Amino acid sequence: MTTVSERTKGSRIVTLTAISLLSGFLGACGGGGFGGFSGFGGGSQPTVQEPGVAPDVPATIRADEIVGRWGLASFHKPEDRARTEAAARGQCKNPYVIGQGATGGVIMHLPDEATPQELRLKGSQSGKNYIGPAGPVGGEKDREIVSFDGRVLMTRFIDKDASSRYGTMVYVRCAPRA
């Protein structure tokens, strides 16, 4: 049968062992000071800098360059591109209108949304351009501008589901109204 003093002695040993292990762990974590805490003992610890958010890269295409009336069609296979451009040109009788946004963006639809909204033209470090809501470049609701020559704009949605349903979107600028 164990006595109270033997239990007390055993619990003290366990407690002291735990404190020793914890002290050693904390000492290994810090670069100086008392037990790794730089606030004690005059040790100094280097400042850790948080990784910064990449600065916004302006798009190489301006919003006013794509505002206007466009014939719209899409394709899934690259060999259908020429036929799709002709089909898009034929849609100018019922054009898709890209409007000027109030804060410098463009008014367009997001996939599967009936109401158009203001979207941003965004550049990337790699030189690609995107159209999408405010936020990080290449987000799920963004579309990549595949090509743009002033007359034909081609985009592809980043979201794999939307991209598989809509394909590569071809916008052909409609002639100004007479």
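Suppose the filter is in a loop (DSSP other than H, G, I, E, B), open to solvent by 50 Å² or more (accessible area, probe 1.4 Å) and farther than 17 Å from Thr60 by Cα; does Glu79 pass it? Answer is no for this residue. Remark: Val57 falls outside the filter, which requires a residue to be of a type in the set (Val, Ile, Thr), modelled with pLDDT under 50 and more than 18 Å from Met154 (Cβ to Cβ).
For region 60-74, the set of residues classified as outside any strand (DSSP E or B) and open to solvent by 50 Å² or more (accessible area, probe 1.4 Å) consists of Thr60, Arg62, Asp64, Glu65, listed by residue number.
Yes or no: region 109-123 includes at least one residue that is surrounded by fewer than 17 Cβ atoms within 10 Å (Cβ to Cβ) and hydrophobic (A, V, I, L, M, F, W, C). Within region 109-123, one or more residues are surrounded by fewer than 17 Cβ atoms within 10 Å (Cβ to Cβ) and hydrophobic (A, V, I, L, M, F, W, C).
The values are calculated or read from the model by the stated rules, or taken from the named source; none is laboratory data. Please read these numbers as outputs of a predicted model, since none were measured by experiment. FYI the Cβ positions are ideal-geometry reconstructions off the backbone, even for glycines, and counts take in every protein chain you see. Side chains are part of the model used for accessible areas, which takes the heavy atoms of the whole protein and leaves out ligands, DNA and RNA. Shrake-Rupley method; radii C 1.70, N 1.55, O 1.52, S 1.80 Å.
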